Amino acid sequence: ISNMQFMHGLYVKRGLKTQLGSSYFQILSQGECKLLLRHDVKIKSGSGPVTHGWAGGGDAFVQYQHLYYQEKDGAEVIPIKKRKKVIKQLFADQQDKVDKFIRAENINIHDDAGLARVFEYYESLNT
C-alpha cells in the first residue's frame, strides 16, 4: 500500500450521464490521461450468490466491484469498460499506434497492469 496513490474527485455515474458522484480513486497510471480504479463495496439485504465478488450469508451480503474510470486533461472522470473497442475509442487520436502497441506487446487489457501500460504508452505519445 505504500506505493499506491489515491485522489478524490467527482465522477459520472455508470448509466446516468447527468448524475455525478464523489469518491476516492486509486491511480493506476499518471499523466494527463489517468487510469483510475474505484473500489465499490455495497451491503445488500437477502442472500447473495456464492461466487467471486460476493460474501456473506443469512440476511445480508457484501458486493465488491472494481470500477474503472478515465480522467483526461483534468476533465470529468468517466467510466470505462475493459474492452478493446472501448480502449480504441478512448485513444481515437492515436488509435493506430495504440492498437499496434497492444498487439506487438501482447497486452492483456483485462489485467490492471496491462491496461495501465496502454495508458502510459498513450501518455508517452503525447509528451
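Where a number appears in this text, it was derived from the coordinates with a stated rule and is not lab data. Given the structure is predicted, the values throughout are model-derived calculations rather than measurements. Ideal geometry is used to build each Cβ from the backbone, glycine not excepted, and the neighbour counts take in all protein chains shown.
Using a Förster distance of 22 Å, how high is the FRET efficiency between Glu123 and Ser22, based on the Cβ-Cβ distance and rounded to 0.05?
FRET efficiency, Glu123 to Ser22: 0.30.
With r defined as the distance between the Cβ atoms of Val41 and Lys88 and R0 fixed at 25 Å, what FRET efficiency is calculated, to the nearest 0.05?
Taking R0 as 25 Å, the efficiency between Val41 and Lys88 is 0.20.
Modelled label-to-label distance, Glu32 and Tyr64, 7 Å Cα→beta-carbon offset: nm?
Spacing of the two 7 Å Cα→Cβ label points: 3.7 nm.
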